Ligand code: SF4
Ligand code: SF4
């Protein structure tokens, strides 16, 4: 049930996030802006050629006479909570809505799944160290050398294990940041 929300009566719902507004069909009526509590979209001016001139913030809203019409633009998509209200009030059906992909929580879970569980790692470590100690002892007949190589081997394997964990966490964070940037 990841990426869902729970309503007050306990039923599950799936958010629908606003990802784009079709500038060709939008008439700039502002209904979506009025119902949105998150300031996800704003009015922008466009010229005759359809080029965006800038946000209509009440300062230079005629853009030196170049303004042809106003359209709604999704300029803060990352704020959207997926309530779907904007799509319901639009008279021109301009919005593109999308379901969530993977959340940060899902990615953390995936990282955990990918990482070798510590118990398994511990078993492998003991097995490798025992084999190493026996092999070195029979090859060199030196207890001291067997102990030193076993300790070195143990240290190396632990470093590799923890480095791989750090790498997985770093990769998961990078993927999260990429997604936030795309939004
Ligand atoms: S889905 Fe809800 S939060 Fe997202 S842009 Fe539309 S009205 Fe705003
Ligand atoms: S409700 Fe629809 S037509 Fe009106 S401004 Fe929003 S996207 Fe454009």
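The values are calculated or read from the model by the stated rules, or taken from the named source; none is laboratory data. Everything numeric in this text was worked out from a predicted model, so none of it was measured. All Cβ positions, glycine included, derive from the backbone under ideal geometry; neighbour counts span all protein chains shown.
Of everything in the range 94-142 that's assigned to a loop (DSSP other than H, G, I, E, B) and at pLDDT 85 or above, which residue is surrounded by the most Cβ atoms within 10 Å (Cβ to Cβ)? Taking the candidates together, the pick is 94.
Checked against (1) touching a strand residue (DSSP E or B) at 6+ places or on another chain (Cβ under 6 Å); (2) within 12 Å of ligand 2 (Cβ to nearest atom); (3) in contact (Cβ under 8 Å) with a residue 24 or more places away in the chain, residue 56 passes all but condition (3).
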